[in-house]
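Working notes for the structure below.
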Amino acid sequence: MKGPIAVQNGNLTLTVSDYTVATTWPDGKQTYSSACGTEVVRRQTDGTWCLIIDNPTRTA
């Protein structure tokens, strides 16, 4: 996937995004982990968004 995706239907939005986490361990070694996350948010009556589902690794 090249960029984030957002699909909105009414007050609900599904987002899909790739990300990479870089970790530096105490011994100086660096590791990288990549994943594709999905989230569902709902627009509230005051216009703010509320996170309903957060699936950071897009697993079932």
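Every read-out reported here was derived from the displayed coordinates using simple, explicitly stated rules and does not represent laboratory data. Given the structure is predicted, the values throughout are model-derived calculations rather than measurements. Because the Cβ atoms are built from the backbone with ideal geometry, glycine has one as well, and the counts that use them run over all protein chains shown.
Note on ASN55 and ALA6: the model spin-label points, each 7 Å out from Cα along the C-beta direction, lie 2.0 nm apart. When the scattering of the chain is computed by the Debye formula from its Cα atoms alone, each counted once and equally, what is log10 I(q)/I(0) at q = 0.21 Å⁻¹? Log10 I(q)/I(0), no solvent term: -0.84. What's the local net charge at LEU51, with K and R +1, D and E -1, over the other residues with C-beta under 10 Å away? Value of the local net charge: -1.
Here the relative contact order of the chain, from alpha carbon pairs under 8 Å that lie six or more residues apart, stands at 27 percent. Packing, as the average of other Cβ atoms within 10 Å across residues, places the peptides 22-31, 47-56 in the order 47-56, 22-31, highest first.
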